[in-house]
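Note sheet for the following structure.
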Amino acid sequence: MTLRLRIDKHRCIGAETCIQLAPTAFGWDPEELGKAVLVDPSTVEDEMLLEAEAACPTGAIIIDEAEE
């Protein structure tokens, strides 16, 4: 299975937890200050992405399993 990620911008409060845990996968959105954006999730292991999802205080990171 492959993980499919998205960030709910309405829930994101810019806590930066995802960026601290996986700085190559997440970054700051240049168009919406204080909001996270996916940069390159393929640069980290799936376990780290799942950890970032669990650590998000507002549940803004949403991960689904997608069939390849």
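Where a number appears in this text, it was derived from the coordinates with a stated rule and is not lab data. Here the structure is a predicted model, which is why all the values come from computation and not from measurement. Methodologically, a virtual Cβ is constructed for each residue, glycine included, from the backbone with ideal geometry; neighbour enumeration extends over all protein chains shown.
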Given points 7 Å out from each Cα along the Cα-Cβ axis, report the Asp40 to Lys9 separation in nanometres with one decimal. 2.3
Quick check on the chain: helices-only [θ] at 222 nm, where DSSP H runs of length 4 and up contribute -39,500 (n - 2.57) each and the sum goes over total residues. Nearest 500, please. -5500 deg cm²/dmol
Normalised contact order of the stretch 1-59, rounded percent, pairs of Cα under 8 Å and 6 or more residues apart: 37
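So what's the projected area for the chain, the Cα convex hull averaged over all directions, in nm²?
Numbers: hull surface 16.7 nm².
Average of the hull's projected areas for the chain equals 4.2 nm².
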Any idea what angle helix 46-55 forms with the longest principal axis of the chain, computed on alpha-carbon atoms, 0 to 90 degrees, nearest 10? 40
Among Phe26, Ile61, Cys12 the positive-end extreme of the charge dipole of the chain (Cβ point charges): Cys12
